[in-house]
Amino acid sequence: MLELTNKVSAADLSGNPPNIVGTLSLPFEVRQKSRFRAHLIDDTEVGVVIERGTVLRGGDYLSTSDQHYVLVEAAPETVSRVTHKDAVALARAAYHLGNRHVPLQVGDLWLCYLHDHVLDDMCRQLGMAVSRESAPFEPEAGAYGGGSSAGHGHHHD
């Protein structure tokens, strides 16, 4: 099993890392864990042990102790895409989703979250157009940079 122990950004490698040994395609849920086992696209088993609190993004690399690199890819997931032509209305939807501590990807007049029919219904009630699609999910890191909404210590209704 290949042991991966360091997250390295493409910028740190000048966009041209040597010794690439594979690609690891992961959903967001796994990319926010610091310890896990997975398989590269070619089915090679890997063990990942990185600094706690690290969130892997598509385009990052993981390295071995002998400077071999694995490219991290954000796997396509079932997501809900929320759109509205009015930025204020969309901001209102983002506020309500944020009030529920939903990891949220923000784009130009669209929002995206992991598919949830209850949240879809709420957004429709707010006047949003909601569609379901398969796409890589890269949510905002959050105000404190942690990237995860888990364990925030309280609940909102």
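Candidates are the residues of region 121-145 that are in a loop (DSSP other than H, G, I, E, B), modelled with pLDDT of 95 or more and in contact with a Gly (Cβ under 9 Å, 6 or more places away or on another chain); the one that is nearest to V72 (Cα to Cα) is E138. Within region 43-52, the residues that satisfy the criterion of being surrounded by fewer than 16 Cβ atoms within 10 Å (Cβ to Cβ) and farther than 12 Å from G22 by Cα are G47, V49, E51, R52. For region 22-42, the set of residues classified as surrounded by fewer than 19 Cβ atoms within 10 Å (Cβ to Cβ), of a type outside the set (A, V, I, L, M, F, W, C) and either in contact with a Phe, Trp or Tyr (Cβ under 8 Å, 6 or more places away or on another chain) or farther than 12 Å from L2 by Cβ (or both) consists of T23, S25, P27, E29, K33, S34, R35, listed by residue number.
Using the structure shown, decide if V118 is assigned to a strand (DSSP E or B) and either modelled with pLDDT of 95 or more or in the same structural domain as G53 (by TED's automatic domain parsing) (or both). So V118 does not fit the description; no. Test V55 against the criterion of being part of a loop (DSSP other than H, G, I, E, B) and either surrounded by 14 or more Cβ atoms within 10 Å (Cβ to Cβ) or modelled with pLDDT of 95 or more (or both), and give yes or no. Yes: the conditions hold for V55. Please go through region 10-68 and pick out each residue that is touching a residue at least 40 places away in the same chain (Cβ under 8 Å), on the phi > 0 side of the Ramachandran plot and among the polar types (S, T, N, Q). If the condition is that a residue be touching a residue at least 40 places away in the same chain (Cβ under 8 Å), on the phi > 0 side of the Ramachandran plot and among the polar types (S, T, N, Q), then N19, Q67 are the ones that fit. Within region 38-52, the set of residues being in a strand (DSSP E or B) and closer than 27 Å to Y113 by Cβ comprises A38, H39, V48. Quick check on region 1-17: of everything there that is part of a loop (DSSP other than H, G, I, E, B) and either touching a His at 6+ places or on another chain (Cβ under 7 Å) or more than 23 Å from T44 (Cα to Cα) (or both), which residue is modelled with the highest pLDDT? In this case the residue turns out to be S14. The residues in region 76-106 that are over 13 Å from G127 (Cα atoms) and touching a residue at least 40 places away in the same chain (Cβ under 8 Å) can be counted, and the count is 11.
The values are calculated or read from the model by the stated rules, or taken from the named source; none is laboratory data. What you see is a predicted model; the values in this text were computed from it and never measured. Positions of Cβ are generated from backbone atoms using ideal geometry, with glycine treated the same way; all protein chains shown enter the neighbour counts.
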